[in-house]
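*Asks:* Dropping the structure in here first, questions after.
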Amino acid sequence: TADFFGVSVSFEVALPLNANGDLKLTVSHIDFGSHVELKTVTLTIADSEPKYSLAAQAVIGTGLGHNSQAADDLDLSVTGTMNPETESFTVEGTMSNWGISNDFSIKDLVVNVTGTRKSSGSGTDLDGWLKGAMTFDSVTVDVEAALPADSLTVSFPTMRLTHDVVLKDVSMTITGSSDPSFTFTGTAEITTHMPSSPITVSATGSISGSTFDLTGTLSSWTVEVGHEGFTVSDLSVSIKDKVGSSDFSGSLAGTMDFDGAELDVKADLPGSTDGGLSLELTLKTGQSMTISKAVTATCGSSSLSSVKAPASTMSDVKDKVISDLVMKIITKPASYSLTGTVDAFGANKLALDLIAKEASSKWSFGFAVSLAHSFTVADIVSGSDAFTHLPMVGGGVAIANFADYQFKLTGDLGSIATTDGV
């Protein structure tokens, strides 16, 4: 018997010895505990130098339970070296393919385990790793994991789910059974097509077959749209994906501070490669929206007062509560839009269309109201006697502080272009 780095083993030596003095020991079985065993071990000890080499069949625990579809432990040939001075050994082996389940396997597997005598003198401390390429359907990523382990946790640096979503620093734990369970943590980077893009959220999730289910959170996110941007709090992300297919679907949601008004925010993922993310904005219960509030939030308080429009025209519409409200933020090119209906210019439920965007290096606004009824100039500009003899049977009014934006009016009213004014 011999003490092999803290483990007592029986050995055999073939006689006669080799002429060159090399000593070959054969050990049938060494159990180091922690699910690491060496079988049919051959140790070659050189006579001329303290060079010990080792060859064996190794069984290394991965933490997977019994799986009828794949081996739960690694069973492979290893070679290595022994160092009597440091009382340690290292073995390494390879496998071309290790099937974890019907949907997942690790190819080009490299396994390394190091053993060192415990300071107490009895037993061996073990440390190891495996590296390889893990295939998720048609997508392959480089992975690594610590060995031996009670559960198999593989990690990989990056995986692109779509053009707008990348998983990074992923740690995935695989719990073995007849149907292995896959859970993971990491971060998800989501491209927003804004200056600070991408946003990074802490993510957790699971895998069933080759389908990802992922959820992520972020306490605060700045939407860099408008003259100062908007803060979204309690951001949550949900993603479902069959890797390597076109079945990706996801969403994000949160609460936006819109210059004091609270809005629910949601967007589908991925966004458009040309148009970025499209954020749908919804007023929370008890909140209201007006042209004044929308323009002040996106363009600043001075925008309304500086627009070249008759005071009576602006006062008749700017503070009226907007009904049938639909609001949206597009991140590329950055813009805010609003549609709805408003009571103004002596009529009810007039169609309203508003846009805020960057023009001439500043955030500017424009809005148009469709007038699908008879009206006069005096209805638009209070007290005006212009064209009193020329009543109109339909049209529109556009007010803006930038030019050349086309609003489409309702019905057959055509379109109207903005000027810097009315």
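The values are calculated or read from the model by the stated rules, or taken from the named source; none is laboratory data. Here the structure is a predicted model, which means the values were calculated and not measured. All Cβ positions, glycine included, derive from the backbone under ideal geometry; neighbour counts span all protein chains shown. Surface accessibility is based on the protein's heavy atoms, side chains included, excluding ligands, DNA and RNA. Shrake-Rupley method; radii C 1.70, N 1.55, O 1.52, S 1.80 Å.
*Asks:* Using the Kirkwood formula on the Cα atoms of the stretch 192-265, what hydrodynamic radius do you get, in angstrom to one decimal?
*Replies:* 13.7
*Asks:* A follow-up question, please. Project the alpha carbons of the stretch 231-297 onto their principal axes and report the range along each, largest first, in whole Å.
*Replies:* 47, 25, 17
*Asks:* Below 21 Å, Cα to Cα, which lysines can Lys320 reach? Residues fewer than 8 away in the same chain don't count.
*Replies:* Lys320 reaches Lys284, Lys293, Lys308, Lys328, Lys349.
*Asks:* Next question, about the same structure. Which lysines have a Cα lying under 23 Å from the Cα of Lys24, excluding residues fewer than 8 positions away in the same chain?
*Replies:* Lys39, Lys51
*Asks:* So what does Lys320 come to for accessible area, using a 1.4 Å probe and Å² rounded to 10?
*Replies:* Answer for Lys320: close to 70 Å² accessible.
*Asks:* Go through Val141, Val326 and list them by solvent-accessible area, largest first, probe radius 1.4 Å.
*Replies:* Val326, Val141
*Asks:* Can I ask one more? Over the chain, what is the relative contact order in whole percent, taking alpha-carbon pairs under 8 Å and six or more residues apart?
*Replies:* 7
*Asks:* Using only Cα atoms, locate the centre of the stretch 238-303 and the centre of the stretch 345-392, then give the distance between them in Å, rounded to an integer.
*Replies:* Measuring centre to centre over Cα atoms gives 28 Å.
*Asks:* Further question on the same structure: Placing unit charges on C-beta atoms (Lys and Arg positive, Asp and Glu negative, everything else neutral), compute the dipole magnitude of the stretch 285-422 about its Cα centre in debye, rounded to 20.
*Replies:* With Lys and Arg at +1 and Asp and Glu at -1, about 460 debye.
*Asks:* Based on alpha-carbon positions alone, could you give the equivalent ellipsoid semi-axes of the stretch 141-244 from the gyration tensor, as √(5λ), descending, whole Å?
*Replies:* The three semi-axes for the stretch 141-244 are 31, 13, 12 Å.
*Asks:* Could you give the length gained on full extension between Ser197 and Ser10, defined as 0.36 nm per residue of separation minus the Cα-Cα distance, in nm?
*Replies:* In short, 61.0 nm is gained.
*Asks:* Related question: When ranked by the protection proxy of mean other Cβ atoms within 10 Å per residue, highest first, what sequence do the peptides 217-230, 116-129 form?
*Replies:* The densest-packed peptide leads the list: 217-230, 116-129.
*Asks:* Considering all projection directions equally, how large on average is the shadow of the alpha-carbon convex hull of the stretch 249-372, in square nanometres? Please list the in-between numbers first.
*Replies:* Values: hull surface 35.2 nm².
Taking a quarter of the hull surface, the average projection is 8.8 nm².
*Asks:* Tell me the per residue accessible area of the chain using a 1.4 Å probe; a whole number in Å² is fine.
*Replies:* Roughly 47 Å² per residue, with all protein chains present.
*Asks:* With 32 Å as the limit, write out which pairs from Lys240/Lys408; Lys107/Lys242; Lys242/Lys362; Lys242/Lys408 have Cα-Cα distances beyond it, or answer none.
*Replies:* Going by Cα-Cα distance, Lys240/Lys408; Lys242/Lys362; Lys242/Lys408 fall outside the 32 Å limit.
*Asks:* For Leu413, Leu354, give me the order by solvent-accessible area with a 1.4 Å probe, most accessible first, ignoring ligands, DNA and RNA.
*Replies:* Leu413, Leu354
*Asks:* Carbon and sulfur: what percent of the chain's accessible surface (1.4 Å probe)?
*Replies:* Details: 9420 of 19830 Å².
Answer for the chain: carbon and sulfur cover 47 percent of the accessible area.
*Asks:* Cα atoms only, the chain: Rg and Dmax in Å?
*Replies:* My reading of the Cα-based Rg and Dmax gives 35.1, 127 Å.
*Asks:* Additional query: Any chance you could look up the accessible area of Lys328 with a 1.4 Å probe, heavy atoms only, rounded to 10 Å²?
*Replies:* Roll a 1.4 Å probe over it and Lys328 shows about 80 Å².
*Asks:* With every protein chain left in place and a probe of 1.4 Å, what is the accessible surface of Glu144, to the nearest 10 Å²?
*Replies:* Ignoring ligands and nucleic acids, Glu144 comes out at about 90 Å².
*Asks:* If you rank His163, His193 by how much accessible surface each has, with a 1.4 Å probe, what is the order from largest down? Could you put the intermediate results ahead of the total?
*Replies:* Numbers: His163 90, His193 55 Å².
My answer, sorted largest first, is His163, His193.
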